[in-house]
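What follows is a short report on a single structure.
The values are calculated or read from the model by the stated rules, or taken from the named source; none is laboratory data. Values in this document were obtained by computation on a predicted structure and should not be read as measured data. So basically every Cβ, Gly included, is an ideal-geometry build from the backbone, and we count neighbours across all protein chains shown.
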Amino acid sequence: ETGVTQTPRHLVMGMTNKKSLKCEQHLGHNAMYWYKQSAKKPLELMFVYSLEERVENNSVPSRFSPECPNSSHLFLHLHTLQPEDSALYLCASSQDSGQNYGYTFGSGTRLTVV
Amino acid sequence: KQEVTQIPAALSVPEGENLVLNCSFTDSAIYNLQWFRQDPGKGLTSLLLIQSSQREQTSGRLNASLDKSSGRSTLYIAASQPGDSATYLCAVRGRGNMLTFGGGTRLMVKP
């Protein structure tokens, strides 16, 4: 384990379902991120929570909704997804006030939309 | 906008060979560069982190170099083993504190 824990590891959901992905870090970091990894594409940044302020990639559809209740927990709420949203969703954390720090990633949630 | 390119996209070598993976980036205004390893269907494992003021970092059989002015980094793997088979990702942390990834190099080390 890297210190960043993601649940569930695998998720299969229908297009009309609502589900949430969870991420938790115990590294004392103050920034958390959601990345999407689709087949044969570079990792795509979806959302950033840095010092409790949210920054988002404007190309992310509104059917993805992040929530960051505190600096240790991050959620990604999913609703009315499409089959093309099937991907590996990775959570990461870092110490944002110190650019010398690297990122730590979780093991990811493999999402399949049917 | 920062762009990161990794060459080659895929590499297959016999066990025991020394190999070099390449990473280039377009904006040299970076804070650091990080090399990750990803096994199929898994998350990313950090291998090496090089600060913008550093030239190289070493960990075991791995050595990463950074030439910020030319926008290049290399990951050198000595005496490759089948267990090294994975995808290797390069990422730079730059403006806005964002991490930008390359497309990765898929490495296969044959016994």
- Item | Sole residue being more than 14 Å from every other protein chain (Cβ to nearest Cβ), surrounded by fewer than 16 Cβ atoms within 10 Å (Cβ to Cβ) and among the small types (G, A, S), chosen from B:A29, B:A78, B:A9 | B:A78
- Message: Is it the case, given these coordinates, that A:L81 is touching a Lys or Arg at 6+ places or on another chain (Cβ under 7 Å) and not in a strand (DSSP E or B)?
- Response: yes
- Select from region A:84-107 the residues that are in a loop (DSSP other than H, G, I, E, B) and within 13 Å of the chain's Cα centre (by Cα) and list them in ascending order. A:G106, A:S107
- Task: Looking only at region A:80-97, decide whether some residue is small (G, A, S), exposed (fewer than 14 other Cβ atoms within 10 Å of the Cβ), more than 14 Å from A:K18 (Cβ to Cβ) and touching a residue at least 12 places away in the same chain (Cβ under 8 Å).
- Result: yes
- If we scan region B:60-75, do we find a residue that is among the aliphatic types (A, V, I, L, M) and either within 26 Å of A:M46 (Cα to Cα) or assigned to a loop (DSSP other than H, G, I, E, B) (or both)? no
- Note on the structure: Taking region A:60-74 and the residues there that are of a type outside the set (S, T, Y) and assigned to a strand (DSSP E or B), the one that is surrounded by the most Cβ atoms within 10 Å (Cβ to Cβ) would be A:L74
- Being of a type in the set (V, I, T), modelled with pLDDT of 95 or more and either closer than 23 Å to B:Q2 by Cβ or surrounded by fewer than 17 Cβ atoms within 10 Å (Cβ to Cβ) (or both), is that true of even one residue in region B:51-58? yes
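Filter region B:81-103 down to the residues that are assigned to a loop (DSSP other than H, G, I, E, B) and surrounded by 15 or more Cβ atoms within 10 Å (Cβ to Cβ) and list them by number.
Result: B:S85, B:G94, B:M98, B:G102, B:G103.
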- Query: Do we have A:E24 as more than 11 Å from every other protein chain (Cβ to nearest Cβ), in a strand (DSSP E or B), of a type in the set (D, E) and surrounded by 15 or more Cβ atoms within 10 Å (Cβ to Cβ) here?
  - Reply: yes
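Facing chain A (nearest Cβ under 10 Å), under 15 Å from the mean Cα position of the chain (by Cα) and free of Cβ contacts under 8 Å to residues at least 24 places away in the same chain: which single residue out of B:S53, B:S46, B:S65 fits that description?
Numbers: B:S53 fails: under 15 Å from the mean Cα position of the chain (by Cα); B:S65 fails: facing chain A (nearest Cβ under 10 Å).
Answer to the selection: B:S46.
Can you pull out every residue in region A:32-54 that is more than 25 Å from B:T5 (Cα to Cα) and either facing chain B (nearest Cβ under 8 Å) or not in a loop (DSSP other than H, G, I, E, B) (or both)? So that I can check it myself, show each step before the final result.
Step one: of region A:32-54, the residues more than 25 Å from B:T5 (Cα to Cα) are A:49-54.
Those that are more than 25 Å from B:T5 (Cα to Cα) and either facing chain B (nearest Cβ under 8 Å) or not in a loop (DSSP other than H, G, I, E, B) (or both): A:Y49, A:S50, A:E53, A:R54.
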- Query: Tell me, which residue of region A:39-59 that is surrounded by 14 or more Cβ atoms within 10 Å (Cβ to Cβ) and hydroxyl-bearing (S, T, Y) is farthest from B:P40 (Cα to Cα)?
  - Reply: A:S50
- Taking A:T80 as meeting all but one of (1) more than 13 Å from A:V4 (Cβ to Cβ); (2) touching a strand residue (DSSP E or B) at 6+ places or on another chain (Cβ under 6 Å), write down the number of the exception. (2)
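Would you mind finding the one in A:N30, A:N100 that is exposed (fewer than 14 other Cβ atoms within 10 Å of the Cβ) and not β-branched (V, I, T)? Walk me through how you get there before you give the answer.
Values: A:N30 fails: exposed (fewer than 14 other Cβ atoms within 10 Å of the Cβ).
None of the other options fit; the residue is A:N100.
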